[in-house]
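Working notes, structure below.
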Amino acid sequence: RLVILLRHGRPARPLPEELMFLGQTDLPLSDEGIAQARLLGAHLRQTSLCRIYCSDLKRSRRTAEIIGEHQRQVVFSLEPALREIDLGAWDGLPFSEVRRAYPRDFRRRGRRPVSFRPPRGESFRDLQRRVVPCFHRVCEESEGNIAIVGHAGVNRVLLCSLLAIPLRRLFSLEQDFGCINLLAVRDREFRLRALNLQPAICPPGSIPP
């Protein structure tokens, strides 16, 4: 069976021209993000899903709903434990503002991204400890193919855990908006069949039914 790990579509950012720290700030999908979600749904139409799991953040939930419109019958499950990393006081702020307001912490994060916690926030190690047990639970409670609509940080820490990749290398795993990661499951072992697959460019039928 398959576990299809997805990233939600592009969110509607208030300042699209600026890089921002986007964790649990609850933004909706942009028009482009909606189009990406529809493309995911169309690409997964031939893959029978028994469940779609997503975080309770709008960008993840709406992506899951759009994908579900292309399925005959599917159960939705909201999982707050699959939320993106909590960036605390930095959440929703532009990089430029954080660099000015927290210069020392900004440099520390660049040196030690795995263990660094913003004020009142999580580290990527904290995130991994939160999402990995949830991932294994949802895999065990479903017998058929499932989709999980995650976030960039969530997907990266999960893939590091499943593939025995050191967490310090998490940013080497590309996770574009609206991407697909395919994991084949057999006897509780996971084998990666595709990473950061782009529905817009991959051929039809590249995902098994």
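The values are calculated or read from the model by the stated rules, or taken from the named source; none is laboratory data. In this text the structure is predicted, and so the values were computed from the model without any measurement. Methodologically, a virtual Cβ is constructed for each residue, glycine included, from the backbone with ideal geometry; neighbour enumeration extends over all protein chains shown. SASA here: full protein model, heavy atoms, side chains in, ligands and nucleic acids out. Shrake-Rupley method; radii C 1.70, N 1.55, O 1.52, S 1.80 Å.
Odds and ends about this structure:
- Counted residues, the range 48-62 - those being assigned to a loop (DSSP other than H, G, I, E, B) and of a type in the set (Gly, Ala, Ser): 2
- Restricting the first member to the range 105-134 and to residues that are open to solvent by 80 Å² or more (accessible area, probe 1.4 Å), and the second to residues that are among the polar types (S, T, N, Q), the beta-carbon pairs closer than 7 Å and six or more apart or on different chains are Arg117/Ser123; Arg125/Ser115.
- Candidates Gly144, Gly178, Gly153 - the one that is within 27 Å of Leu39 (Cα to Cα), open to solvent by less than 10 Å² (accessible area, probe 1.4 Å) and in a loop (DSSP other than H, G, I, E, B): Gly178
- Residues (open to solvent by less than 10 Å² (accessible area, probe 1.4 Å) and either in a loop (DSSP other than H, G, I, E, B) or of a type in the set (D, E, K, R) (or both)) located in the range 1-42: His8, Gly9, Phe21, Gly23
- Flag if Arg45 is assigned to a loop (DSSP other than H, G, I, E, B), of a type outside the set (S, T, N, Q), under 19 Å from Asn145 (Cα atoms) and at pLDDT below 95: yes
- Qualifying residue in the range 165-175 (condition: among the charged types (D, E, K, R), outside any helix (DSSP H, G or I) and closer than 18 Å to Leu6 by Cβ): yes
- All conditions but one from (1) at positive phi; (2) modelled with pLDDT of 95 or more; (3) not in a strand (DSSP E or B); (4) not aliphatic (A, V, I, L, M) apply to Gly205; the one that does not is (2).
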